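**Q** Below is one structure. I have some questions about it.
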Amino acid sequence: MHVITQVEPGSGALLARNSYNTVFTDRVAFFDVDDPTRTVSGDRCEFLGRNGSLRSPAAMYRARLSGKAGAALDPCAAIQVPFELADGRSARSSFALARGKTRTTPGTW
């Protein structure tokens, strides 16, 4: 209920913070991928969709995610990387999920 998501303007990483949690007030979680064509969403309702489920989320049928993030959402961290593969070819992406100390004054991004 108190988790706030944000897309970091410089890198495009998805950040999440819960300043109401007294133990982790100064912590931020991030989720990122090394592919610049990625799209993100910090809204679980967008990811799952109106009639979607964890087994069949609506985001899997979309060409891109909206980039929606912020307060008053049902928070999640979703990253979508579009790619096409020719027969016999492969692709590689590196994802990073971690937490660390905030980069700014507590209570602000």
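**Q** Got the relative contact order for the chain handy, in percent, Cα pairs under 8 Å and 6 or more residues apart?
**A** On the way: 196 pairs, mean separation 35.7, N = 109.
So the answer I get is 33 percent.
**Q** Shifting gears a bit: For the residue pair residue 61 and residue 74, what label-to-label distance in nm results when each label sits 7 Å from Cα along the Cα-to-beta-carbon direction?
**A** 1.7 nm
**Q** Name the chymotrypsin sites (Phe, Trp or Tyr not before Pro) in the stretch 1-88 that are in a loop by DSSP and that have at most 11 other C-beta atoms within 10 Å, would you? Before the final figure, lay out each step's value.
**A** Numbers: sites: 20, 24, 30, 31, 47, 61, 83; in loops: 20, 24, 83.
Passing sites in the stretch 1-88 are 20, 83.
**Q** Kindly provide log₁₀ I(q)/I(0) values, in the same order as q = 0.11, 0.14, 0.19 Å⁻¹, from the Debye equation applied to equal alpha-carbon scatterers of the chain.
**A** Debye output, listed in q order: -0.39, -0.60, -1.00.
**Q** To continue, here is another question. If the convex hull of the alpha-carbon atoms of the stretch 38-89 is projected onto planes in all directions, what is the mean projected area in square nanometres? Let's see the in-between values first.
**A** Working: hull surface 17.2 nm².
Averaged projected area of the stretch 38-89's Cα convex hull equals 4.3 nm².
**Q** Right, another one. What residues have an amide H closer than 5 Å to that of residue 74, excluding those fewer than 5 places away on the same chain, when H is modeled at 1.01 Å from N in the peptide plane?
**A** 44, 45
**Q** Further question on the same structure: Kindly report the accessible area of the chain per residue (heavy atoms of protein chains, probe 1.4 Å, no ligands, DNA or RNA), in Å².
**A** Values: 7640 Å² over 109 residues.
Averaged over the residues of the chain, the accessible area is 70 Å².
**Q** Return the sequence-ordered ³J(HN,Hα) values of the stretch 2-13 in whole Hz as given by the Karplus equation 6.51 cos²θ - 1.76 cosθ + 1.60 applied to θ = phi - 60°, using x for Gly and Pro.
**A** Ordered by residue, 3J(HN,Hα) equals 10, 7, 10, 9, 7, 8, 6, x, x, 9, x, 5 Hz.
The values are calculated or read from the model by the stated rules, or taken from the named source; none is laboratory data. Just so it is clear, the structure is predicted and the values come from calculations on it, not from any experiment. Virtual Cβ from ideal backbone geometry, glycine too; neighbours counted across all protein chains shown. The protein model used for the area step is the full one, side chains on, heavy atoms only, and it has no ligands, DNA or RNA in it. Shrake-Rupley method; radii C 1.70, N 1.55, O 1.52, S 1.80 Å.
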